[in-house]
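Chemist: Input: one structure, supplied below.
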Amino acid sequence: MDEREFDVIVVGAGPVGEVAAGRMTAGGLSVAVIEAELAGGECSYWACMPSKALLRPVELVEAAKRIQGVRGAEVDPAAVLARRDKVVKRTADGGHDDSGQTEWVRSICAEFYRGRGRLAGEKRVEVLVDGSAAHTLTARHAVVLATGSRPTVPPVPGLREASPWGSREVTNVDAVPGRVVILGGGVVGCESAAMLAGLGSAVTLVSRGGLLDRNEPWAGELVADGLRAQGVDVRTGLQVSEVSRSGDGTVTVTAGDETFVADQIVSALGRRPATEGIGLESVGLDASKAIEVDDSLRSTSLPWLYAVGDVNGRNLLTHMGKYQARACGDVVVARAKGEPDDGAKLTAYADHEKTPQVVFTDPQVASVGLTEKAAREQGYDVRVVEYDLGWVAGASLVADDYKGKASMVVDEKRRVPLGFTFVGQDVAELLHGATVAVTAEVPLETLWHAVASYPTVSEVYLRLLEAYGL
């Protein structure tokens, strides 16, 4: 068995692991990167990239319908699926070509190992190939875990036996099913409903609560309206009690007093950190839980172990995982060189109250920071101002009868924004300005001087400040 030593070992070559490795090799450390599946990870092949490739054509067709004088826009499902295949480098057998990603890892002077990484004691990682340890690697300074997360299938009677699609199957669909029932009103459920309905499926979305419950309540309501306008049968407040699949493949879902029949079922009921099978028990950690880390992404119990991205449970978003990876990579370099490790760039403090996220439904939901409920629960003295996006002059140029809404949550004591939420067509492009304002804690009086160009939808910032009283 091959045995080698590196400064750092990274387990997981998704976007998070790749970023961490890149920062550390740039800092002069020797790095080994281990990946059990595909370099590029979940986001590149089964999540962010394929889902957005499928959603974008649907979004454009819906946008075209809202502009007088535009005619003939329609979705070609086969062409959309073919474009998705190009984006995610799908091969003829339904797999994916990750050669470009593995070459990138090597180009940054990291050693790439194909296999499953498993901790085997302090600073030691085994690389398992076909179930057997083919390599044993030792780290001089640190091991960084970037193994991501996995979908959860709750113990609903018959659900697992019905072989539901998860997020991977729905984004890599080869043929659009005629009828689909989607379980879950979160981001994956809502985006899957928009995507499949736009491609021609008859979609029923069943959610135990409302839609997008982690956002402002009105955001989920506007998304529900948008999905219904696309033909989705949105059913909220329903608890699924049983699922069955008959011999002909038909799926039956029982929820409350109602029964739904479809050709396929999608389980979009959450994800959990991928901590099982990576040897956490060998170093005294509980493999059933996310790895607890501090703001430098170092384990709170093992000074040589770091965890970035979904596996630490802090923020299950690709961009936040990459943000963590940048901080982690730089702090590992600093500690390895005996340099100060307390600089602002060496902590991931934005994880706590300053996280941005976009839901690519129609309308889109773009949010950053705290909702009104979260801010009040954390003890802030808040005031919330809202504005109808359709009243902004630029919105009338984006769409006829533009529908949308914006809100700003303000810390009244400091007069700084704690959070923004935008719902409407193309609002994703409004978000970064809000993210800067929330992250930098820009006083409202200063934000007043950040002048938005006319006629753009960004003038909503001015309107929110005016609604506040400036």
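The values are calculated or read from the model by the stated rules, or taken from the named source; none is laboratory data. Treat the numbers as computed from the prediction; the structure is a model and nothing was measured. Ideal geometry is used to build each Cβ from the backbone, glycine not excepted, and the neighbour counts take in all protein chains shown. With ligands, DNA and RNA removed, areas are computed over all heavy atoms of the protein, side chains included. Shrake-Rupley method; radii C 1.70, N 1.55, O 1.52, S 1.80 Å.
Chemist: Which of the three applies to the chain, rounded, prolate or oblate, going by the alpha-carbon gyration tensor with a ≥ b ≥ c and a/c under 1.5 meaning rounded? Spell out each step's value before the answer.
Modeler: On the way: a/c = 1.81, a/b = 1.21, b/c = 1.49.
Oblate, since a/c reaches 1.5 and b/c is not below a/b.
Chemist: Could you check the simple spin-label distance between R415 and D248, using points 7 Å along Cα→Cβ, in nm with one decimal?
Modeler: 6.9 nm
Chemist: Students sometimes get this wrong: rank S296, S396 by accessible area, probe 1.4 Å, all chains present, largest first.
Modeler: Numbers: S296 10, S396 70 Å².
I get S396, S296, largest accessible area first.
Chemist: Arrange the peptides 274-281, 240-247 so that the one whose residues have, on average, the most other Cβ atoms within 10 Å appears first. List each step's numbers first, then the result.
Modeler: On the way: 274-281: 18.2, 240-247: 15.0.
Ranking, from highest mean packing down: 274-281, 240-247.
Chemist: As a quick test, which of the pairs K52/K322; K65/K354; K345/K373 have an alpha carbon distance above 27 angstrom in this structure?
Modeler: Values: K52/K322 18 Å; K65/K354 35 Å; K345/K373 30 Å.
Distance filter (> 27 Å) returns K65/K354; K345/K373.
Chemist: Using a 1.4 Å probe and ignoring any ligands, DNA or RNA, find the accessible area of Y323 and quote it in Å² to the nearest 10.
Modeler: Result for Y323: roughly 50 Å² accessible.
Chemist: To continue, here is another question. Given the Cα-Cα distance of A79 and T152 and 0.36 nm per residue of separation, how much length would full extension add, in nm? Don't skip to the end; give the middle numbers.
Modeler: On the way: separation 73, 0.36 × 73 = 26.28 nm, distance 3.13 nm.
Gain on extension, A79 to T152, equals 23.1 nm.
Chemist: Just the number, please: carbon plus sulfur as a percent of the accessible area of segment 24-87, 1.4 Å probe, no ligands or DNA/RNA counted. Spell out each step's value before the answer.
Modeler: Numbers: 1660 of 2990 Å².
C and S fraction of accessible area: 56 percent.
Chemist: Something else about it: Among DSSP beta bridges lying fully in the chain, give the percent that are antiparallel, nearest 5.
Modeler: Working: 50 of 85 bridges.
That works out to approximately 60 percent antiparallel.
Chemist: Using a ≥ b ≥ c from the Cα gyration tensor of segment 192-237 (square roots of the eigenvalues), is it rounded, prolate or oblate, where a/c under 1.5 gives rounded and otherwise the larger of a/b and b/c decides, a/b for prolate?
Modeler: On the way: a/c = 2.29, a/b = 1.74, b/c = 1.32.
Note, shape of segment 192-237 comes out prolate.
Chemist: In segment 179-299, carbon and sulfur make up what percent of the accessible area (probe 1.4 Å)?
Modeler: Numbers: 2260 of 4980 Å².
C and S fraction of accessible area: 45 percent.
Chemist: Now, a different point. If the reach is capped at under 12 angstrom between alpha carbons, list the aspartates and glutamates near K289, excluding any in the same chain fewer than eight residues apart.
Modeler: E276, E281, D310
Chemist: What FRET efficiency, computed as 1/(1 + (r/R0)^6) with R0 = 25 Å and r the Cβ-Cβ distance, is obtained for L397 and T236, rounded to the nearest 0.05? Please list the in-between numbers first.
Modeler: Numbers: r = 33 Å, r/R0 = 1.34.
Efficiency at R0 = 25 Å is approximately 0.15.
Chemist: What is the chain's relative contact order, in percent, from Cα pairs under 8 angstrom and six or more apart in sequence?
Modeler: Computed value for the chain: 15 percent relative contact order.
Chemist: Carbon and sulfur: what percent of segment 430-470's accessible surface (1.4 Å probe)?
Modeler: On the way: 1250 of 2050 Å².
Exposed carbon and sulfur together represent 61 percent of the surface.
Chemist: Now, a different point. Which cysteines in the chain lack any other cysteine whose Cβ sits under 4.7 Å from their own Cβ?
Modeler: Cysteines lacking a close Cβ partner in the chain: C109, C190, C328.
Chemist: Shifting gears a bit: Using the Cα centre of segment 71-224 as origin and beta-carbon charges of +1 (Lys, Arg) and -1 (Asp, Glu), tell me which of V153, A79, I182 is placed farthest towards the positive end of the dipole.
Modeler: V153
Chemist: If you count only protein heavy atoms with a 1.4 Å probe, what accessible area per residue comes out for segment 1-109, rounded to a whole Å²? Write out the running numbers ahead of the final one.
Modeler: Values: 5100 Å² over 109 residues.
It amounts to 47 Å² per residue over segment 1-109.
Chemist: Could you do me a favour and compute the accessible area per residue for segment 128-194, 1.4 Å probe, result in Å²? Let's see the in-between values first.
Modeler: Working: 2560 Å² over 67 residues.
Roughly 38 Å² per residue, with all protein chains present.
Chemist: Quote the accessible area belonging to V384 in square angstrom, nearest 10, computed with a 1.4 Å probe and with ligands, DNA and RNA left uncounted.
Modeler: Counting only protein heavy atoms, the figure is 40 Å².
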